Amino acid sequence: METHDRPDPDALLASIHRESSKQRRGRLRIFFGMAPGVGKTYAMLAAGKQRLAEGIDVVVGVVETHGRSETGAMLAGLPILARRQVDYRGIHLEEFDLDAALARRPALILIDELAHSNVVGSRHPKRYQDVLELLDAGIDVYSTVNVQHLASRADIVSQITGIAVRETVPDSLIEMADVDLVDLPPEQLRARLAEGKVYLGDRAAVASDHFFRPGNLTALREMALRVTAERVDQELRDFMRSQQISGPWKAAERLLVAVSPSPFSARLVRWTRRTAAALDASWIVVHVESSRAVSEAEKARVTQNLELARELGAEVITTTGDDVVESLLRVARQNNVTQIVLGKSPGHPWSDFLRGGSLVDRVVRNCGDIDVYVVRAESGTESGRQRLVSPATRPPLAEYLHATLAVVGIVTGCLLLRTTVGYSAVSLVLLATVLVCGLYFGRGPVLLAAALSAVAWNFLFIPPLYTFHIAEVHDTLTFGLFFVVALVVGSLTERLKRSERAERHREERATALYRFIETLATSATLEDAFVAAARHINAVFHADSTVLFEPTGATDEGLVPYPLSLAAMSDRDRAVAAWAYSNGRAAGRFTDTLGEADAIFLPIKRLKVTFGVLRVAIPKNAALSFSERQLLETFADQLAAVIERDRLAQAVQMTRLSEEADRLRSTLLDCVSHELKTPLAAVAAASEGLAAAPPPSTAQALVDEIREGVRRLHRVINGLLDMTRLETGIVRPQREWCEIRELVESAIEDETVALRGRDVTVEIPPNLPLVKVDFSLLSQALGKLLGNSGVHSPVGQPVRVSADVRGGELTLAVTDRGAGLPDGVPIFEKFTRGDPAHTGGIGLGLSIARGFVEAHGGSLRAEAASGGGVAFVISLPVETSHLAEVTP
C-alpha cells in the first residue's frame, strides 16, 4: 500500500489545533515594518476605519502619533478609549486602560506599539501581555511592531545599529498573528525623516546620523522581509498539510541549546530560536543542575533564561549530573536531537587539559552523528568560561583550621620521636595524615594539609635539618607525592560530597512530592486535603501557603482560603488571586503579571478547567529556581487531580442516584398504574351495573365490589404517603401505654379482607405487662406483615401471631405457610414484590413495616419457618409496666 503521499498526522493535528485556538480566541493582526516611520500606525488606522465602515464595533485603545499630522488625521471618526492616568515618581503618565477595554468589549481594538513597557505597578509589565488578555477574552486586536522588537532579532539589531534594544515581544506573537508587511525603501524613509514626518526637530537629525543610516535600514529591511517570508512559508506549509498536498517532506530537525546562569545564555536562546524558525524545527532548552551550590543571583538568572526559552516556545528540560557533557548528550539522544548549540567563551587551558578538553571539544568528540553549532560570546558578556553548572562552594574556614591543627599535632608528635624513627617513617605518617584529612575535608583544606606536611617534613626531618634542600631523588619524589595524594584524595572526596549533595537534593524533591501525594490521598475531605497541602508546602519551601478554592455551586462566596485562619488576606492578594483564577495563568511574584505582589499565585487547573489558586509567599530575601517552580506547579497539578477525582466521584454518585431514581420512578409508575387501574375499572364496571337498576341481590354484590376497589385505592395511597413520611424523617413515635393483645387484635381487624379464608391464631401469654409504644404505628406495621401473609399464603392455611416480652424487649412474630422466602430478592426494599403474579400491592408494605419498627428503635427480620413458609419477627426495646402501676 502506497503511503508516501499520506500527510503527516502530527502536522495535521497541530494545524487543526492552531485553527481551533483561533476560533476560540480573538484574532491578532500585526502591521510589521523595518523601522519607525514606514507607516505601520497609518495602515492600522486605515484598516480600522474600513472595519468600522463595515459595521464592526471598533475602538482605539492607544495610538501614539508622535506629532505626525497624517497619523493624527486618521484618528478622526474613530471612537477612542480614555487612557488610564498614572502618577509615577512625580511624573504624570497616560497608559492603556486594560480594565476599561475589557468592560467595553468591542469587537476590534487598535493598540499601537505592541512592545511598549507599562509603568511599574501595572497588571502586566508589557503591553503585549495586555493584548494576550484581550485575545483570551475573545476581542480582536490590531497592533504594530518593528523588526528590532522581535525577541529573537533584538541582539542582531543591536550589532547592526549599535543601539541596545530594551523592549521586545516574543516571536510566538508573530506566529499566531496575521502579519501585514508595511514596507518602504530606505531612500524614501530617509526622505520622510528629513521632511519631519518621522521625528521632529533635532531628534530627526540625530536619528539620520545613527539609527536611520542607509546601511542600517537596508539590513533591517532585509530582516523584516525574511521574517515575513518565513511567516508566509509557514502558512503555505500549513495549507499544504490541511489540503493533503504532497510535498518533499523530510525528517524534522530538532535543536538543543544548553543554558547556564551566564548572561550569554539569553543570546544563545534567541539564536537557537531564529535557527529553529528558519529550519521549521522544534527545539529544546536544557539546564544541567549539579551538586554545586548556587547563589541567589545565579538561581534568578537561570530562571530568567529558562523563562525566556519557554516564552519563545521552547521545550524546557532540567536534568541533574556533575558531568555536563554526559548529561547533555544523554538528553540529546533521548529526545532525538539532530543539532546541539553551544556557546564559545574564553577558558583556562590548564583547566581544560585536566578535564580532557574544553566543554565544546568534549561534546564534539562524543556527539556521534549529532551536529554541533558553536556560537561566539560577545565581548563583555561574561568574563571567563560559560558555566553550564554552578561553581563549587568554598569549604568553610573551620576545615582549613582543623586541617592545620591536625598537621601541627602530628608534626609535633613526630618531633618528639625523631631520634627513634627515621625521616622516611615520618613521611609515611604525614602521608597518612593527608589521607585521613581527605576523608573529612574538601580539596582546599587537603591541599593545605599536604603543603604543610611536605614543608614541615623537608624543613624539620630531611637532612640537612632546618633547610629546604633535598639531596636525594627518592626524597624529592616523596615530597611531590604529598601533593599528588592531596589532589587525588581531595578530588575524590569533593566528588563524593557533590554526588551525595545531588542525591540528597533529588531525594528531597522526590520525597517532598511523594509525601505531598500521600498527604492528599489520606485526607478524608477536600478541605482537609487543602489544609494538609498548605502545611506541606510551608514546610518544604519555608513559605506561607494558602489554597484558594471555589466550592461547587458557589455564587457570592467566591474563592475560599484554606486554612480558614488565613481568610484575612490583603485586598491586593485577593485581586491577584482572582485574576489568576479567571485567566488560568500564574501571576504575582516571580512572574510577568502583577509582579509587585508578595506571593506567587499558581492556577489549580486541569485541561481548560480552573478549580482554584495556590498562593505561595516565599520569603522576600529568597529566590525561586526553575526546578522549584516546576515542583510548585506539580503540587498544583496534584491538587487539581484530587479535585477532579472528587468531582468525578460526585458525578458518578449523582449518576447512580439518578439511575436509581429513574428505576424507582419506572417501578412506581408500573405498580401504581396497575394498582390504580384495576380497582378503578372494578368501580367503573360496578357503577355501570348499578345504573342499569339490577335486582337487589346483584346490587349488593356490586356495592361490595365498589367498596373493595375503594379500599384498595386507599391502601395504595396510604402506602405512598407512609413511605414519604418515612423518607422525609417526620415519623416520630408518640409512645403511650398499650396492651399487647389489643394491639394485635386491632391489626388483625384492619386486615380482615386480606386474611379472608385463612385460619388466624393468636398466641399471647397471659399477664403480659403493658408496653409503652406508638399504638398506631406498631399496629400498622403488624398489619402490613399480616396483609403480606394473607397475599402470599394459600387459602385454608394457618397464619399465626405470637407475642412475648422478656428482658425489656417486645417480640412480635407473624408466621405463615406460604411459598417461603424468594431467593435473592431484597423483600424489604421499596417496590419489591416477592411474586409479581400476586395482585393487591405495589411492594411497599414490608418496607413501611420496617420503617415504623426502626422508628421505635427496633428491628424487623424475615426467616424461614419450620415446616415451610416465612416468619416475620419484630424485636424492639420497650418500657413495661403492669396495669395497676399506670392506673390514675
Unique residue being farther than 20 Å from ARG585 by Cβ, hydrophobic (A, V, I, L, M, F, W, C) and in contact with a helix residue (DSSP H, G or I) (Cβ under 8 Å, 6 or more places away or on another chain) when the list is VAL141, VAL86, VAL59, VAL119
VAL59
Which numbered condition LEU135 fails, given (1) farther than 16 Å from ALA219 by Cα; (2) assigned to a helix (DSSP H, G or I); (3) touching a helix residue (DSSP H, G or I) at 6+ places or on another chain (Cβ under 6 Å); (4) among the aliphatic types (A, V, I, L, M):
(3)
Those residues of region 138-163 which are assigned to a helix (DSSP H, G or I) and farther than 22 Å from GLY39 by Cα, in sequence order:
ASP155, ILE156, SER158, GLN159, ILE160
(1) under 60 Å from the mean Cα position of the chain (by Cα); (2) surrounded by 20 or more Cβ atoms within 10 Å (Cβ to Cβ); (3) at pLDDT 80 or above all hold for VAL771 apart from (1)
Which residue, of ARG203, ARG166, is part of a helix (DSSP H, G or I), farther than 25 Å from ALA229 by Cα and open to solvent by 30 Å² or more (accessible area, probe 1.4 Å)?
ARG203
List pairs: first residue in region 403-420 and over 22 Å from ARG443 (Cβ atoms) and assigned to a helix (DSSP H, G or I), second residue modelled with pLDDT of 85 or more and of a type in the set (Ser, Thr, Tyr) anywhere in the structure, Cβ distance under 7 angstrom, at least six positions apart or on different chains.
none
Check whether at least one residue in region 392-402 is outside any loop (DSSP other than H, G, I, E, B) and either in contact with a strand residue (DSSP E or B) (Cβ under 9 Å, 6 or more places away or on another chain) or open to solvent by less than 70 Å² (accessible area, probe 1.4 Å) (or both), and report yes or no.
yes
Looking at region 169-200 only, could you name the residues that are of a type in the set (Ser, Thr, Tyr) and assigned to a helix (DSSP H, G or I)?
SER172
Of the conditions (1) open to solvent by 80 Å² or more (accessible area, probe 1.4 Å); (2) closer than 28 Å to THR419 by Cα, the single one that ALA449 does not satisfy is (1)
Going through region 820-840 one residue at a time, which ones are at pLDDT below 70 and on the phi > 0 side of the Ramachandran plot?
GLY824, PHE831, GLY840
Taking interchain pairs and intrachain pairs at least six residues apart, which have beta carbon atoms under 6 angstrom, with the first residue in region 781-796 and within 14 Å of GLY869 (Cα to Cα) and open to solvent by 10 Å² or more (accessible area, probe 1.4 Å) and the second at pLDDT below 85 and not polar (S, T, N, Q)?
ASN788/GLY845; VAL791/HIS838; VAL791/GLY840; HIS792/GLY818; VAL795/GLY757
Of the candidates THR228, THR218, the one satisfying the condition of being in contact with a Leu (Cβ under 9 Å, 6 or more places away or on another chain) and modelled with pLDDT of 80 or more is THR228
Complete set of residues in region 801-819 that are at pLDDT below 90 and open to solvent by 50 Å² or more (accessible area, probe 1.4 Å)
ARG806, GLY807, ARG817, ALA819
Can you find a residue in region 142-153 that is over 15 Å from ASP171 (Cα atoms), open to solvent by 10 Å² or more (accessible area, probe 1.4 Å) and among the polar types (S, T, N, Q)?
no
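Does LEU657 count as open to solvent by 70 Å² or more (accessible area, probe 1.4 Å) and in a helix (DSSP H, G or I)? Give the derivation first.
Numbers: open to solvent by 70 Å² or more (accessible area, probe 1.4 Å): yes; in a helix (DSSP H, G or I): yes.
For LEU657, the condition - open to solvent by 70 Å² or more (accessible area, probe 1.4 Å) and in a helix (DSSP H, G or I) - is met.
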Scanning region 598-614 residue by residue, those within 22 Å of ALA137 (Cβ to Cβ) and open to solvent by less than 40 Å² (accessible area, probe 1.4 Å) turn out to be PHE601, LEU602, PRO603, ILE604, THR610, PHE611, GLY612, VAL613
Under 8 Å between Cβ atoms, which residue pairs at least 6 apart in sequence (or on different chains) link something in region 433-453 that is in contact (Cβ under 8 Å) with a residue 40 or more places away in the chain with a partner that is not in a helix (DSSP H, G or I)?
PHE441/PRO395; GLY442/PRO395; ARG443/PRO395; GLY444/ARG394; GLY444/PRO395; PRO445/PRO395; ALA449/PHE441
Under the condition of being open to solvent by 70 Å² or more (accessible area, probe 1.4 Å) and part of a helix (DSSP H, G or I), which residue from region 568-590 is farthest from GLY138 (Cα to Cα)?
ASP571
Is at least one residue of region 861-874 crowded, with 20+ Cβ neighbours inside 10 Å, at pLDDT 85 or above and touching a helix residue (DSSP H, G or I) at 6+ places or on another chain (Cβ under 6 Å)?
yes
Residues in region 98-139 that are open to solvent by 20 Å² or more (accessible area, probe 1.4 Å), more than 25 Å from ARG572 (Cβ to Cβ) and over 29 Å from the mean Cα position of the chain (by Cα): how many?
3
Among the residues of region 194-213, are any touching a Leu at 6+ places or on another chain (Cβ under 9 Å) and of a type in the set (S, T, N, Q)?
yes
Within region 615-652, how many residues are surrounded by 18 or more Cβ atoms within 10 Å (Cβ to Cβ), under 23 Å from ARG574 (Cα atoms) and either out of contact with any Pro (no Cβ under 8 Å at 6 or more places or on another chain) or of a type in the set (D, E, K, R) (or both)?
13
For region 743-762, give me each residue that is free of Cβ contacts under 8 Å to residues at least 40 places away in the same chain and open to solvent by 50 Å² or more (accessible area, probe 1.4 Å).
GLU745, GLU749, ASP750, THR752, ARG756
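The values are calculated or read from the model by the stated rules, or taken from the named source; none is laboratory data. Keep in mind that what you see is a predicted model, and the values were worked out from it rather than measured. Ideal geometry is used to build each Cβ from the backbone, glycine not excepted, and the neighbour counts take in all protein chains shown. Accessible surface is based on the protein model in full, side chains and every heavy atom, while ligands, DNA and RNA are left aside. Shrake-Rupley method; radii C 1.70, N 1.55, O 1.52, S 1.80 Å.
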